[in-house]
1. Express in nm, to one decimal, how much length is gained between Ser70 and Ser37 on full extension, taking 0.36 nm for each residue of separation and deducting their alpha carbon distance.
2. Relative to the present Cα-Cα distance, how much length would full extension add between Ile77 and Gln44 at 0.36 nm per residue of separation?
Amino acid sequence: MFDSNWLLSQLQSGVCNVTFTKVDGSQRNMRCTLNSSFLPEEYQNKGMPLSEYNRASLSVWDLEANGWRSFRVENVISISAENTSRPQLLV
């Protein structure tokens with residue numbers, strides 16, 4: 001199981017590919033971030049809305065859907081960070 005603070009720090013550092021099990025049991029891979037430089041201008045330097053975050057789930061900016069999405073921390077299967085060369089597998 002992943003630590004919510006660690007996941008939060010990875011997402012704030014840049015773009016990550018997160019694979020998780022959805023509440024309906026299906027798996028999803030999401031390219032997402034909490035790094036303000038990747039957020040639309042209206043969200044930059046404001047952080048995520050406080051009502052969107054708690055210890056059990058994280059709300060992130062989905063770069064493909066261009067919107068806020070959330071997942072349960074306990075349902076994360078893997079996370080990899082993107083960089084300029086290739087994604088780095090974190091777990």
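1. Extending this stretch completely gives an extra 10.0 nm.
2. Working: separation 33, 0.36 × 33 = 11.88 nm, distance 2.83 nm.
Length gained, Ile77 through Gln44: 9.0 nm.
No value in this document is a laboratory result; all are computed from the given coordinates. Model, not experiment: these values are computed from the prediction.
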